[in-house]
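Before any comments, here is the structure.
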Amino acid sequence: MTVGYARGNASSALGPRGVVKRVGAVSRQLPAHGDRLLDVGCGDGTYTVEMAGGYVRVDAIDLEPERLNTFAERIAGTDLEDRIGIHKMSADSLAFDAHTFDRVTAFEVVEHVDELEGALREIHRVLRPGGAFSLTTPNRWFPFETHGVIWGDRRRSALTAPFLPWVRPLHERMSDARAFTTQQMGRLLRGRGLRVCAIDYLMPPFDRRATALRTLSDTLETTPLRVFGMAMAVTAVKPGR
């Protein structure tokens, strides 16, 4: 893991349904519009671009130059080029003034951040009073490690170790990404002065699978079995307005 940030929205490579599901979840929790947006761990900008339409000014940060270059090339010559600032920056040392942003987002990022409490402290600092932090991250109750399983010096399929996230000590040894329960995430956010206002669960998007499987997955999100979803979507507010 790299200190202070995530490996730039790696889940965007899984397909468009995964992106749409995550952006849709946080947008339902709180409408995606306002003056200033900060996207943490922006990667190639897949999620940032989806969120950008509702904001006057957007800033996006990551630490991987190649992905930032890809992002810059992606928006070059479009109407987003003048509205999105792309920065090489760590989440635990944000070069923005306090009370700058209406919203901060982090899609599939916090599970990779080494200095997570420091990053959450910085996010709280740069949020305006009444501003919101929205994130998506792996749900510990999903029975498979979505980043793969590390056996020795090799990364193997999640299917080689079913239920690994349920055994936390073993998961910490065999994965290079965290997984959270909603209770754990709630405690982390409250500990940094943020009030959780919405939590949802997301089942796998199955971009590359049969339509029937995708339909089943979407249906499960409306049942009590959603607590075993692949990811959680959380929005928390900074009190004060």
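On the stretch given as segment 30-78, residues that are surrounded by 21 or more Cβ atoms within 10 Å (Cβ to Cβ), under 21 Å from A132 (Cα atoms), touching a Lys or Arg at 6+ places or on another chain (Cβ under 8 Å) and of a type in the set (D, E, K, R) total 2. None of D79, D92, D97 is assigned to a loop (DSSP other than H, G, I, E, B) and closer than 18 Å to T46 by Cα except D79.
For every residue, the table says whether it meets (1) assigned by TED's automatic domain parsing to the domain that holds S93; (2) in contact with a strand residue (DSSP E or B) (Cβ under 8 Å, 6 or more places away or on another chain); (3) of a type in the set (D, E); (4) closer than 25 Å to M203 by Cα.
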residue: E115; (1), (2), (3), (4): yes, no, yes, no
residue: I123; (1), (2), (3), (4): yes, yes, no, no
residue: L127; (1), (2), (3), (4): yes, yes, no, no
residue: A132; (1), (2), (3), (4): yes, yes, no, yes
residue: R155; (1), (2), (3), (4): no, yes, no, yes
residue: L164; (1), (2), (3), (4): no, yes, no, yes
residue: P169; (1), (2), (3), (4): no, no, no, yes
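Taking the condition touching a residue at least 40 places away in the same chain (Cβ under 8 Å), within 30 Å of E221 (Cα to Cα) and part of a helix (DSSP H, G or I), does V23 pass? Considered against the rule, which asks whether it is touching a residue at least 40 places away in the same chain (Cβ under 8 Å), within 30 Å of E221 (Cα to Cα) and part of a helix (DSSP H, G or I), V23 comes out as yes. For segment 100-130, give me each residue that is closer than 18 Å to C42 by Cβ and among the small types (G, A, S). Of everything in segment 100-130, those that are closer than 18 Å to C42 by Cβ and among the small types (G, A, S) turn out to be A106, A119.
The set of residues in segment 123-163 that are surrounded by fewer than 21 Cβ atoms within 10 Å (Cβ to Cβ) and acidic (D, E) contains only D153. What is the residue count in segment 190-204 for residues that are more than 12 Å from K238 (Cα to Cα), part of a loop (DSSP other than H, G, I, E, B) and touching an Asp or Glu at 6+ places or on another chain (Cβ under 9 Å)? Qualifying residue count for the region: 1. The residue list A212, A233 contains one member that is in contact with a helix residue (DSSP H, G or I) (Cβ under 9 Å, 6 or more places away or on another chain), in the same structural domain as I123 (by TED's automatic domain parsing) and among the aliphatic types (A, V, I, L, M), which is A233.
Within segment 205-230, if we keep just the residues that are assigned to a loop (DSSP other than H, G, I, E, B) and surrounded by fewer than 19 Cβ atoms within 10 Å (Cβ to Cβ), the residue that is modelled with the lowest pLDDT turns out to be R209. The condition (being within 23 Å of T181 (Cβ to Cβ) and not in a loop (DSSP other than H, G, I, E, B)) is satisfied by just one residue among R28, R36: R28. Checking each residue in segment 187-241 for being aromatic (F, W, Y) and over 15 Å from R22 (Cα atoms) picks out only F228. If a residue must be within 13 Å of the chain's Cα centre (by Cα) and of a type in the set (D, E), how many such residues does segment 83-138 contain? Total meeting the criteria: 2.
The values are calculated or read from the model by the stated rules, or taken from the named source; none is laboratory data. Fair warning: this is a prediction, and the values are worked out from it, not measured in the lab. Counting neighbours? That spans all protein chains shown, and the Cβs are built from the backbone with ideal geometry, glycine included.
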